[in-house]
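Trainee: Pasting a structure here, questions to come.
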Amino acid sequence: MKSLQYKNQVIKLRKKGMTYAEIQSILNMSIPKSTLSHWCKNIKVPDSYKKKLKDLQDNNLYKARVAALQVLKEKNNNRDNKLFENNKHLSVCLLNKDVAKIILSILYLEGTRKQRSSLTFGNSDPLIISLFLKTLRFVYKIDESKFRCTLQCRADQNIDDLQNFWSNITSIPLNKFYKARIDPRSVGKESKNLNYKGVCRINYFSAEIFNELMIIIKIIGKNN
């Protein structure tokens, strides 16, 4: 008798377009889906049921993707934490000026070396610019007045904001910044990468440091 009562309730809810999961939740009962399917096999669901079912499937797929991304994020975090712990002792190596010179020379290989009277180094990555300047200032006795900075940016970027950003990164005052150079190819085009801060080009006027770095590059580049 009780079973018949539940069956009638199930059929009534099914006719309203409820899913089996919703029916179980409403009745607060764990009725096997095989039983629900048997009771409702001849029930015609509303036309809106197909859309509802598709929405539920899309939502479940979205949740599954979010969960998978979370698992991947945690996995990557665990990997990065392990790598950090295994290599954090290397930061002490930078306190050795000979090691720091080698790092500085390798970094400078990526710079623009057009003038023998000065170092010229450019990059769009603030971390690389910071590492270059930190190492340069550690290895050599630097005259801060000999620094100059030039920004290469897109036409729709705010030059004042960019110069303030790079001045904070480099610790080079704004009065040492040359006029920014705008990429003519970007005129009339909207920037898609809002995190792009342009290219920061550092000039330091010292032929002596330039010549020494060039010699170090030759030494470490030799095949022994």
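The values are calculated or read from the model by the stated rules, or taken from the named source; none is laboratory data. Computed from a predicted model, the values in this text were never measured in an experiment. Note that we place each Cβ from the backbone using ideal geometry, even for glycine, and neighbour counts take in every protein chain shown.
Trainee: Under 30 Å from the mean Cα position of the chain (by Cα) and either in contact (Cβ under 8 Å) with a residue 24 or more places away in the chain or surrounded by fewer than 11 Cβ atoms within 10 Å (Cβ to Cβ) (or both): is that true of residue 206 in this structure?
Mentor: no
Trainee: Count, please, the residues in segment 176-196 that happen to be out of contact with any strand residue (DSSP E or B) (no Cβ under 8 Å at 6 or more places or on another chain) and surrounded by 15 or more Cβ atoms within 10 Å (Cβ to Cβ).
Mentor: Looking only at that region, the number is 0.
Trainee: For segment 45-58, which residues satisfy the criterion of being surrounded by 13 or more Cβ atoms within 10 Å (Cβ to Cβ) and either more than 23 Å from residue 7 (Cβ to Cβ) or in contact with a helix residue (DSSP H, G or I) (Cβ under 6 Å, 6 or more places away or on another chain) (or both)?
Mentor: 56 - this is the single residue of segment 45-58 that is surrounded by 13 or more Cβ atoms within 10 Å (Cβ to Cβ) and either more than 23 Å from residue 7 (Cβ to Cβ) or in contact with a helix residue (DSSP H, G or I) (Cβ under 6 Å, 6 or more places away or on another chain) (or both).
Trainee: Out of the residues in segment 163-185 meeting the condition of being in a helix (DSSP H, G or I) and in contact with a Lys or Arg (Cβ under 8 Å, 6 or more places away or on another chain), tell me which one is farthest from residue 146 (Cα to Cα).
Mentor: 165
Condition check ((1) surrounded by 12 or more Cβ atoms within 10 Å (Cβ to Cβ); (2) under 30 Å from residue 220 (Cα atoms); (3) of a type outside the set (Phe, Trp, Tyr); (4) in contact with a helix residue (DSSP H, G or I) (Cβ under 7 Å, 6 or more places away or on another chain)) across all residues:
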residue	(1), (2), (3), (4)
43	yes, no, yes, yes
78	no, no, yes, no
93	yes, yes, yes, yes
99	yes, yes, yes, yes
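Trainee: Looking only at segment 101-115, decide whether some residue is within 23 Å of the chain's Cα centre (by Cα), among the hydrophobic types (A, V, I, L, M, F, W, C) and at pLDDT below 90.
Mentor: Checked segment 101-115: at least one residue is within 23 Å of the chain's Cα centre (by Cα), among the hydrophobic types (A, V, I, L, M, F, W, C) and at pLDDT below 90.
Trainee: Also, I was wondering about something else. Considering only residues that are part of a helix (DSSP H, G or I) and either among the aromatic types (Phe, Trp, Tyr) or within 21 Å of the chain's Cα centre (by Cα) (or both), which ones fall in segment 119-160?
Mentor: 126, 127, 128, 129, 130, 131, 132, 138
Trainee: Given (1) over 17 Å from residue 125 (Cα atoms); (2) in contact with a Phe, Trp or Tyr (Cβ under 9 Å, 6 or more places away or on another chain); (3) among the basic types (Lys, Arg), where does residue 137 come up short, assuming only one miss?
Mentor: Condition (2) is where residue 137 drops out.
Trainee: I need the full set of residues from segment 144-171 which are touching a residue at least 24 places away in the same chain (Cβ under 8 Å) and among the aliphatic types (A, V, I, L, M), in order please.
Mentor: Passing the criteria: 151, 155, 162, 169.
Trainee: Report, by residue number, each residue of segment 116-131 that is modelled with pLDDT of 85 or more and of a type outside the set (Phe, Trp, Tyr).
Mentor: 119, 120, 122, 123, 124, 125, 126, 127, 128, 129, 130, 131, listed by residue number.
Trainee: Of these, 213, 174, which one is touching a Ser or Thr at 6+ places or on another chain (Cβ under 6 Å) and free of Cβ contacts under 8 Å to residues at least 60 places away in the same chain?
Mentor: When all the criteria are applied, what remains is 174.
Trainee: Quick check on segment 54-67. Is at least one of its residues touching a Phe, Trp or Tyr at 6+ places or on another chain (Cβ under 9 Å) and touching a residue at least 12 places away in the same chain (Cβ under 8 Å)?
Mentor: no
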